[in-house]
1. Restricting to the range 347-376, give me the number of residues that are out of contact with any Pro (no Cβ under 7 Å at 6 or more places or on another chain) and open to solvent by 40 Å² or more (accessible area, probe 1.4 Å).
2. How many residues does the range 65-78 contain that are over 43 Å from the mean Cα position of the chain (by Cα), surrounded by 13 or more Cβ atoms within 10 Å (Cβ to Cβ) and of a type in the set (D, E, K, R)?
3. For the range 84-96, does any single residue satisfy the condition of being acidic (Asp, Glu), in a helix (DSSP H, G or I), within 26 Å of Glu152 (Cα to Cα) and within 35 Å of the chain's Cα centre (by Cα)?
4. Can you pull out the helices (runs of 4 or more DSSP H) entirely within the range 325-378 that have at least 1 residues that are in contact (Cβ under 8 Å) with a residue 24 or more places away in the chain and under 33 Å from the mean Cα position of the chain (by Cα)?
5. Every residue in the range 38-71 that is within 11 Å of Met92 (Cβ to Cβ) and outside any strand (DSSP E or B), please.
6. Inside the range 90-106, can you point out the residues that are more than 15 Å from the ligand (Cβ to nearest atom) and surrounded by 18 or more Cβ atoms within 10 Å (Cβ to Cβ)?
7. Return the total of residues in the range 106-140 being touching a Pro at 6+ places or on another chain (Cβ under 9 Å) and among the acidic types (Asp, Glu).
Amino acid sequence: MYLTQRPRRPPIQIKTLLNKLQPIKRFVYVAVGLEEVGGREAIVADIRPRKNSRARCSGCGHDRPGYDRAKDPRLFRFVPLWNLDVHLRYHMRRVDCPGCGVTVERVPWATGKHACADAMRIFLARWARRLSWKETATCFRVPWDTVRRSVEWVVRYGLQNRDFTGVTALGIDEVAYGAGHKYMTLVYQIDSGSRRLLGVVEGRTIKAMLRFFRSFGKAHCAQVKVVCTDMWHPYIKVVAKKLPNALNVLDRFHIAKKLGEAVDQVRRDEAGKLREEGYEPILKNARYCFLKRAANLTARQGAKLKDLLHYNLASIRAYLLKESFDAFWSYDHPRWARWFLKNWCARAMRSRLEPIKKFVGTLRRHEDLLMNYFLANKEFNSGIVEGMNLKINLSIRKAFGYKAFEVMKTALFHQHGDLPEPESTHRFCR
Ligand SMILES: [Zn+2]
């Protein structure tokens, strides 16, 4: 039904669209039709070389005279259109290269022997950042392995082409993964305005860390001004050795975590002892009352904590010590912070709680590094590393099915590495 008379427009053809969106130098789209491919209706675009154009040798990249042409055409998966699969179809030529012998030609829309066009691989990799790899595979009707290889290709390109200029602040963090006590070390850039994952290191040994910083490069190491780490000895040692101009700040998030673990140990020891002595289990279900910060407790946990405060329990003494430590971070002047630390440690030692005393020992051993927080103008607070840590942990849980470390590493870089993407001639990619 036409309401008004409109000027006639030429009908649009898919071939025209393809020429507009994915022009291929030295090749032309011959025909585009609807065909059955693998039991499904799909759009198939036939490609042939432009007249008199020479084929490019896949060995050396030079244009060489043609030798012959494959009898059977090859299909390349392309970006789908209106939920229809799209394939590019082409008879590959072979070239006679004086350097490489007879080789198959190199085509500009697909790299290597991949059955997907580059534009499709970038397309899949982008979706794989928003969906799981499995969902991506299902949505676009490709094997899971095609998604994995597309992501790997994009990530490999990104890692080779990323730029480390301007990295002045790093965060180093350990994350447990898989079954058992396997650890990996993550290195982040935590400069304000540019936060990304820089390194995924298997394990948390000195050797593994040294290897990372070697690949990071001496010049970039020299640019780093601040590093946030926890008190893990190999990290501190490698930072001191490899980052000569950096202030090593002990991260507030990690110290709070360590102290929390000490309090939890006190509670567990005490709960066990009370049980042995036949007292009713008042400490049962109290774990989170002590672990969480008071402000974050639920009403029920708050009531439980209030109830517990009536008893002279070791757990309560430990809890109160933990809460009072928070004040340390609020000092502006390092001198007063140091004074507070000294007093707090003395008080904690008098508590005669073994896990707490152990924590004090750790703090005392790292006192200078602890004070660096104030020298760095309190700029790098717990929020940054903690936030990255949460995001990564979420990804690891999502990626748990990947199992192999290398695949997980690829997934993490893809998600959090802020990597540059391969170039594509396809216009609607970007
Ligand atoms: Zn060649």
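1. Initially, the range 347-376 is screened for residues out of contact with any Pro (no Cβ under 7 Å at 6 or more places or on another chain), giving 347-370, 372-373, 376.
This time we only want the ones that are open to solvent by 40 Å² or more (accessible area, probe 1.4 Å), so: 347, 349-350, 352, 354, 357-358, 364-365, 367-368.
Number of matching residues: 11.
2. 1
3. No, because not a single residue in the range 84-96 is acidic (Asp, Glu), in a helix (DSSP H, G or I), within 26 Å of Glu152 (Cα to Cα) and within 35 Å of the chain's Cα centre (by Cα).
4. 354-365, 367-375
5. Within the range 38-71, Ser58, Ala70, Lys71 qualify.
6. Answer for the range 90-106, where residues must be more than 15 Å from the ligand (Cβ to nearest atom) and surrounded by 18 or more Cβ atoms within 10 Å (Cβ to Cβ): just Tyr90.
7. 1
The values are calculated or read from the model by the stated rules, or taken from the named source; none is laboratory data. Note that the structure is a prediction, hence the values are computed from the model and not measured. Note: ideal-geometry Cβ built from the backbone for every residue, glycine included; neighbour counts use all protein chains shown. Heavy atoms of the whole protein, side chains included, go into the accessibility calculation; ligands, DNA and RNA do not. Shrake-Rupley method; radii C 1.70, N 1.55, O 1.52, S 1.80 Å.
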